[in-house]
Amino acid sequence: MANFNIDAKKDVTYDAIVIGSGISGGWAAKELCEKGLKTLVLERGKIVEHVVDYTTMNLDPWDMELRGGLTPEQKKKHYKAIRSGWIGTDTEHFWADDAANPYTEEKPFLWLRGHQMGGKSLLWGKQTYRWSDLDFEANAKDGHGVDWPIRYKDIEPWYTYVEKFAGISGEALGLPQLPDSHFLPPMELNCVEKHIKSRIEEQFKGRNMTIGRVAHLTQPHNGRGQCQYRNRCSRGCPYGAYFSSNATTLPAANATGNLTIRPYSIVQSVIYDDKKGKATGVRIIDAETNEDIEYSAKIIFVNASALSTTQILMNSKSNRFENGLGNDSGELGHNLMDHTYRVGAIGKVEGFDDKYYKGRRPNGIYIPRYVNIDEASKSDKFVRGFGYQGGAHRGGNPANVESFGAEFKNSILKPGPWEFFITGFAECLPYHENKITLNHEVLDKWGQPTLTIDAEFKENEKALNKQIQEDAVEMLEAAGLKDIIGFDKEHPPGYGVHEMGTARMGRDPKTSVLNGFNQVHAAKNVFVTDGACMTSSSCVNPSLTYMALTARAANHAVSELKKQNL
Amino acid sequence: MDRRKALQKTGLFAGATLMMPTMLSILQSCNEENRLHWTPEFFTEDEAKTVSLLVDMILPRTDTPGALDVKSDIFMDKVIARTYDAEGQEHMRSEIAAFNAKCEEQYGAAFIDLDESDRIAVLQEAEANSGKFNPGVWGTSVGEQEPIGFYRGLKSMAIWAYFTSEEIGENVLSYDPIPGNYEPCRPVSEVGNRWSL
């Protein structure tokens with residue numbers, strides 16, 4: 001998929017501008033280009049061309065001088081993101097430079113960013129779950145936040161639409177709280193997972209364990225290859241076996257001839273014309289030359305990732321919008337959410353010493369939400385719910401074996417003990433006071449204001465986490481595991497990397513930023529379809545919903561454009 | 001140091017199959033006035049000898065290569081030199097010093113100068129008294145982690161260096177860079193050693 005049109009013609013006028021090329025930006029580009037719009041994608045980082053720029057994709061540990069270890073210089077560059085534990089020499093080049101792009105934590109918050117073409121679609125976890133009306137109705141029912149302007153029926157066809165293109169593997173369960181996707185064949189549970197599944201499902205009515213539903217291909221799909229079970233996804237997949245913008249949406253957009261992508265383009269603001277009553281373009285800073293350039297377009301999709309999108313809107317000031325574009329409600333920057341992370345249980349599994357597996361499956365098990373889904377499962381301790389991810393593998397730490405010498409060495413060459421863990425993801429409520437604000441004291445490398453993040457989990461999330469850990473220990477005990485450790489790392493928000501909210505959708509312009517088609521209420525040619533738009537957070541991974549909302553909004557945008565409504 | 005004494009001191013690994021390069025290098029180093037045959041980036045010469053001896057005792061050569069055969073000690077030195085910050089490096093140095101001070105106190109000499117039975121006793125005691133690593137979930141250990149201490153930490157690093165060396169990773173452990181499919185329940189007998197990747 002070579003030959004991207006990388007700003008070759010120096011045009012400054014387009015039909016559409018898409019800010020960001022990650023999961024949602026890629027979808028916006030694909031849909032708009034396929035509908036015939038000349039589209040400019042502005043990417044703040046470098047070009048990462050599928051396969052060609054996956055420089056570490058085939059490296060074994062011994063091919064890397066420090067076998068994954070980071071130098072003090074690299075640690076300094078990623079001094080914030082390193083807390084995640086995800087960054088090694090194999091992926092370091094796909095994580096943003098924290099030193100050049102600082103942010104301020106009023107309370108602890110981990111903000112993970114991928115500043116390159118494809119954004120975090122190169123790095124994401126690929127877990128893909130549909131939301132249900134349990135999620136879309138939650139705010140209205142329990143009174144937290146504002147009501148979603150859409151319901152499942154509005155998004156259902158768009159889930160199907162994006163799933164057919166992206167390729168989602170998984171097992172259909174027919175659960176109302178976790179609607180089935182349009183599935184490719186599921187990946188398989190290993191023998192220990194199958195054993196634990198049967199023990200849990202026998203003893204806990206209403207709980208299911210299934211293989212993770214993932215944007216990994218289990219068979220060739222739309223010209224892409226199937227997963228080869230190397231589990232080196234975050235380095236970029238040479239087979240295009242997982243969904244990334246680089247392997248899927250951007251090549252599709254490019255194939256139309258309508259796409260221009262401009263790297264090193266830091267969007268400073270969206271330009272709003274007070275007289276015309278709409279946005280007319282964007283203002284960028286070239287990250288390499290520091291040059292200021294303006295681009296104009298009829299419609300603008302802001303898909304810079306949740307917090308960056310809102311940062312751009314807050315920085316887009318005009319006479320009409322003194323407090324940031326679309327901020328009539330005062331809700332811009334507020335209601336920041338993430339899922340809780342790393343709380344659950346782990347234990348050892350006995351009795352399968354002669355069993356192993358082949359292949360490094362980039363996926364695990366999933367236990368769908370089972371609390372607060374009906375009257376019978378209602379909790380008196382919290383609202384909303386949680387689901388678990390997890391899995392079984394042979395590992396253990398050989399250094400723990402109390403021995404050394406010849407026999408010891410020979411013993412640790414054999415497969416280690418079976419371990420199984422589950423870790424919960426709890427829904428976070430939309431609290432007005434969990435917010436981001438522009439910081440004019442701390443400037444980035446380009447002299448632009450940065451973000452101050454002020455967010456925390458509160459009593460409801462803590463109560464959910466307590467239940468997650470208790471239930472996890474109970475399920476592992478019931479499954480017969482040994483040496484069980486319940487855990488709660490008490491991570492602050494951000495570790496889940498599911499930042500949602502800060503420019504929420506809603507029915508009422510007085511209490512929300514976006515309408516039911518992701519249009520800024522008072523600037524309808526500006527669309528926000530990344531995590532910023534989310535009105536609540538569900539307990540399931542959000543990316544599939546961003547894809548569906550984006551495709552839906554893009555198609556609405558084109559339709560409105562044709563009717564000359566924008 | 002005379003050859004005979006050196007042999008006794010490395011007697012832990014005695015046996016015909018062990019009288020090969022590992023031993024020879026130790027003997028040669030004796031002949032070269034007990035000098036290291038490599039230049040550490042971080043360790044002092046005595047620290048390097050201590051670490052080399054430790055990793056050799058933990059992961060000796062058997063019918064498969066030992067830690068020294070795959071230069072685990074040299075790699076560990078490089079990792080400490082290039083990835084540890086100054087504080088971490090200082091900590092490593094002080095831990096080696098404390099380890100040797102304890103050997104002096106209990107057995108009357110630094111670790112590398114002890115005879116074999118004393119060194120074995122030191123390691124046995126370290127095994128019994130070092131904390132153990134909690135299991136990890138997605139790259140981070142969970143639960144209340146007790147202090148690990150120098151010995152277990154070094155042992156863990158030695159095993160990592162050993163497993164991720166090309167020789168062990170490709171030829172001793174089961175190596176399959178492109179599995180192609182996932183077999184969820186394959187008998188151990190059909191795999192052999194643990195997967196290297």
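Checked against the criterion of being modelled with pLDDT of 95 or more, touching a Pro at 6+ places or on another chain (Cβ under 8 Å), part of a loop (DSSP other than H, G, I, E, B) and not β-branched (V, I, T), region A:151-161 contains not a single residue that satisfies it. Taken over region A:448-484, residues that are more than 25 Å from the chain's Cα centre (by Cα) and outside any loop (DSSP other than H, G, I, E, B) amount to 11. Going through (1) polar (S, T, N, Q); (2) part of a strand (DSSP E or B); (3) away from chain B (no Cβ under 14 Å) one by one, A:Q389 falls short only on (3). Considering only region A:76-86, how many residues are within 17 Å of A:H491 (Cβ to Cβ) and facing chain B (nearest Cβ under 10 Å)? Number satisfying all stated conditions: 4. Please find, within region A:345-372, the residue that is nearest to A:I211 (Cα to Cα) out of those that are of a type in the set (D, E, K, R) and within 12 Å of chain B (Cβ to nearest Cβ). If we take residues in region A:345-372 being of a type in the set (D, E, K, R) and within 12 Å of chain B (Cβ to nearest Cβ), then A:R361 is nearest to A:I211 (Cα to Cα). Of the candidates B:A86, B:A97, the single residue that is of a type in the set (A, V, I, L, M), within 20 Å of B:G153 (Cβ to Cβ) and more than 14 Å from every other protein chain (Cβ to nearest Cβ) is B:A97.
Does A:E474 fit the bill of being out of contact with any Ser or Thr (no Cβ under 7 Å at 6 or more places or on another chain) and free of Cβ contacts under 8 Å to residues at least 12 places away in the same chain? Taking the combined requirement at face value, the residue satisfies it. Out of A:T71, A:T39, A:T56, one residue alone is more than 14 Å from every other protein chain (Cβ to nearest Cβ) and in contact with a helix residue (DSSP H, G or I) (Cβ under 7 Å, 6 or more places away or on another chain). It is A:T39. Of all the listed residues (A:F425, A:F408, A:F404, A:F421), the sole one being part of a strand (DSSP E or B), of a type in the set (F, W, Y), within 9 Å of chain B (Cβ to nearest Cβ) and over 30 Å from A:N315 (Cβ atoms) is A:F421. Based on what the data block shows, is A:T529 within 21 Å of A:S316 (Cβ to Cβ) and in contact with a Gly (Cβ under 7 Å, 6 or more places away or on another chain)? Taking the combined requirement at face value, the residue does not satisfy it. The residues in region A:509-543 that are touching a helix residue (DSSP H, G or I) at 6+ places or on another chain (Cβ under 7 Å) and within 19 Å of A:L336 (Cα to Cα) can be counted, and the count is 14.
A single member of B:E127, B:E170, B:E146 is without any contact (Cβ under 8 Å) to a residue 24 or more places away in the chain and either more than 7 Å from every other protein chain (Cβ to nearest Cβ) or surrounded by 16 or more Cβ atoms within 10 Å (Cβ to Cβ) (or both), and it is B:E146. Candidates in region B:38-66 are the residues that are of a type in the set (V, I, T) and under 22 Å from B:A109 (Cβ atoms); of these, the one that is farthest from the other protein chains (Cβ to nearest Cβ) is B:T44. For region A:321-378, the set of residues classified as more than 26 Å from the chain's Cα centre (by Cα), hydrophobic (A, V, I, L, M, F, W, C) and not in a strand (DSSP E or B) consists of A:F321, A:F352, A:A376, listed by residue number. Cβ-Cβ distances below 6 Å connect the following pairs, each with a first residue in region B:67-88 that is in a helix (DSSP H, G or I), a second residue that is of a type in the set (F, W, Y), and a separation of six or more residues or different chains: B:S72/B:Y162; B:I74/B:W38; B:D77/B:F42; B:D77/B:F43; B:I80/B:F42; B:A81/B:F42. The condition (being buried (at least 22 other Cβ atoms within 10 Å of the Cβ) and out of contact with any helix residue (DSSP H, G or I) (no Cβ under 9 Å at 6 or more places or on another chain)) is satisfied by just one residue among A:A455, A:A426: A:A455. When restricted to residues that are crowded, with 20+ Cβ neighbours inside 10 Å and either more than 13 Å from the chain's Cα centre (by Cα) or at pLDDT below 95 (or both), region A:540-557 contains 8. Here A:W62 fulfils each of the conditions (1) more than 8 Å from every other protein chain (Cβ to nearest Cβ); (2) among the hydrophobic types (A, V, I, L, M, F, W, C); (3) assigned to a helix (DSSP H, G or I) apart from (1). The set of residues in region A:54-83 being under 22 Å from the mean Cα position of the chain (by Cα) and either modelled with pLDDT under 95 or not hydroxyl-bearing (S, T, Y) (or both) consists of A:M57, A:H78, A:K80, A:A81, A:I82, A:R83.
Residue count for region A:477-488, restricted to those that are crowded, with 18+ Cβ neighbours inside 10 Å and within 12 Å of chain B (Cβ to nearest Cβ): 6.
When A:F321 is tested against (1) of a type outside the set (S, T, N, Q); (2) surrounded by fewer than 23 Cβ atoms within 10 Å (Cβ to Cβ); (3) within 14 Å of chain B (Cβ to nearest Cβ); (4) in contact with a strand residue (DSSP E or B) (Cβ under 7 Å, 6 or more places away or on another chain), exactly one condition is not met: (3). When region B:181-196 is filtered for residues that are in contact with a Phe, Trp or Tyr (Cβ under 7 Å, 6 or more places away or on another chain) and either more than 8 Å from chain A (Cβ to nearest Cβ) or in a loop (DSSP other than H, G, I, E, B) (or both), the ones remaining, listed by number, are B:N181, B:Y182, B:S196.
For region A:196-219, name all the residues that are free of Cβ contacts under 8 Å to residues at least 12 places away in the same chain, under 16 Å from A:E171 (Cβ atoms) and not acidic (D, E). Result: A:S198, single match. Does region A:155-177 contain at least one residue that is in contact with a Cys (Cβ under 7 Å, 6 or more places away or on another chain) and either among the aromatic types (F, W, Y) or within 30 Å of A:L481 (Cβ to Cβ) (or both)? Checking region A:155-177: not a single residue is in contact with a Cys (Cβ under 7 Å, 6 or more places away or on another chain) and either among the aromatic types (F, W, Y) or within 30 Å of A:L481 (Cβ to Cβ) (or both). Those residues that are more than 7 Å from chain A (Cβ to nearest Cβ), touching a Ser or Thr at 6+ places or on another chain (Cβ under 9 Å) and at pLDDT 95 or above, I need them from region B:149-159; list them, please. Correct list: B:F150, B:Y151, B:G153, B:M157, B:A158.
The values are calculated or read from the model by the stated rules, or taken from the named source; none is laboratory data. No experiment lies behind these values; they were computed from the predicted model shown. No Cβ is skipped: glycine too gets one built from the backbone with ideal geometry, and neighbour counts run over all protein chains shown.
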